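The values are calculated or read from the model by the stated rules, or taken from the named source; none is laboratory data. All of these numbers come straight from a predicted model, not from anything done at the bench. Using ideal geometry, Cβ is built from the backbone for each residue, glycine included, and neighbour counts are taken over all protein chains shown.
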Amino acid sequence: GAVVSQHPSWVICKSGTSVKIECRSLDFQATTMFWYRQFPKQSLMLMATSNEGSKATYEQGVEKDKFLINHASLTLSTLTVTSAHPEDSSFYICSAPFRSGALRELFFGEGSRLTVL
Amino acid sequence: GIQVEQSPPDLILQEGANSTLRCNFSDSVNNLQWFHQNPWGQLINLFYIPSGTKQNGRLSATTVATERYSLLYISSSQTTDSGVYFCAGDDKIIFGKGTRLHILP
């Protein structure tokens, strides 16, 4: 299957700092990528859709200025958590759809566990 | 938006047992997938199954798109099958709340 790589896998930062998480599709191109947030023992919540060459589309309730998304190329999307606070601590995971004809299968990165002190 | 309901929410089984996990959708969905989230958080693709039946070793899945549900079968469970199983669908890939499976040795 297709491979999506996410980095870093875990990060600890001080309150008020910004953290950047990268999501790369290694063996296919992705014009869109998805960013999710997952709290302990809960499901994945879609935060935003990253669009190559245009602005990201955010889900209702997600702060655009807090979670900056940039889709710099057909294989790279980044999520920057700005001015992080302890309540931003969470597991963030990205995904990219692999398309082949009518098939559209989503592949996920390894996830990034953010802890804000 | 589309609602995804998974059942059961929790399942504890003895090693070797079989299980059936269900996923119901409130409306027709595209791109239905099943995932296994391992203890480290990694989501592993199990099946891409918008319709029909597929099998992969001890796992198989069936989606009846006209009735808006999908089933995941796990046979001869092993402890390594433990974790959370999610179904997801639609263009935005909306996730259900998952089934937490615990296989006892």
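In this structure, residue B:72 does not satisfy being assigned to a strand (DSSP E or B) and either over 22 Å from residue A:103 (Cβ atoms) or out of contact with any strand residue (DSSP E or B) (no Cβ under 6 Å at 6 or more places or on another chain) (or both).
Among the residues of region A:1-21, not one is out of contact with any Gly (no Cβ under 9 Å at 6 or more places or on another chain) and under 9 Å from residue A:94 (Cα atoms).
Considering the conditions (1) touching a helix residue (DSSP H, G or I) at 6+ places or on another chain (Cβ under 6 Å); (2) without any contact (Cβ under 8 Å) to a residue 24 or more places away in the chain; (3) farther than 20 Å from residue A:106 by Cβ, residue B:103 is excluded by exactly one of them, (2).
Selection of region B:85-96 for residues being surrounded by fewer than 21 Cβ atoms within 10 Å (Cβ to Cβ) and either in contact with a helix residue (DSSP H, G or I) (Cβ under 6 Å, 6 or more places away or on another chain) or over 14 Å from residue B:26 (Cα atoms) (or both) yields B:91, B:92. The numbered conditions (1) facing chain B (nearest Cβ under 10 Å); (2) in contact with a Leu (Cβ under 6 Å, 6 or more places away or on another chain) are all true for residue A:91 except (2). Here region A:48-90 is the region considered, the condition is being of a type in the set (A, V, I, L, M) and within 22 Å of residue A:26 (Cβ to Cβ), and the residue that is surrounded by the fewest Cβ atoms within 10 Å (Cβ to Cβ) is A:72. Selection of region A:1-32 for residues being modelled with pLDDT under 95 and outside any loop (DSSP other than H, G, I, E, B) yields only A:32. Put simply, of B:74, B:93 the only residue that is facing chain A (nearest Cβ under 9 Å) and in contact with a Ser or Thr (Cβ under 9 Å, 6 or more places away or on another chain) is B:93. Would you mention how many residues in region A:39-60 are of a type outside the set (A, V, I, L, M, F, W, C), in contact with a strand residue (DSSP E or B) (Cβ under 6 Å, 6 or more places away or on another chain) and over 12 Å from residue A:95 (Cβ atoms)? Matching residues across region A:39-60 total 6.
Before we move on, is residue A:55 part of a loop (DSSP other than H, G, I, E, B) and within 23 Å of residue B:4 (Cα to Cα)? Judged against the criteria, residue A:55 is not a match. Annotation: of all residues in region B:17-57 being part of a strand (DSSP E or B) and among the small types (Gly, Ala, Ser), the one that is farthest from the chain's Cα centre (by Cα) is B:52.
Answer with yes or no whether residue B:56 is of a type outside the set (Asp, Glu), within 13 Å of chain A (Cβ to nearest Cβ), out of contact with any Ser or Thr (no Cβ under 8 Å at 6 or more places or on another chain) and closer than 19 Å to residue A:103 by Cα. Considered against the rule, which asks whether it is of a type outside the set (Asp, Glu), within 13 Å of chain A (Cβ to nearest Cβ), out of contact with any Ser or Thr (no Cβ under 8 Å at 6 or more places or on another chain) and closer than 19 Å to residue A:103 by Cα, residue B:56 comes out as yes. Entry remark, region A:94-117: residues being in contact (Cβ under 8 Å) with a residue 24 or more places away in the chain, surrounded by fewer than 21 Cβ atoms within 10 Å (Cβ to Cβ), within 9 Å of chain B (Cβ to nearest Cβ) and outside any strand (DSSP E or B) number 1 in total. Please verify whether region B:13-35 includes one or more residues that are within 12 Å of chain A (Cβ to nearest Cβ), more than 14 Å from residue B:65 (Cα to Cα) and in contact (Cβ under 8 Å) with a residue 12 or more places away in the chain. Yes: one or more hits.
Residues of region B:6-16 being part of a strand (DSSP E or B) and within 11 Å of the chain's Cα centre (by Cα), which ones?
Once the filter is applied, which keeps residues that are part of a strand (DSSP E or B) and within 11 Å of the chain's Cα centre (by Cα), region B:6-16 yields B:6, B:7.
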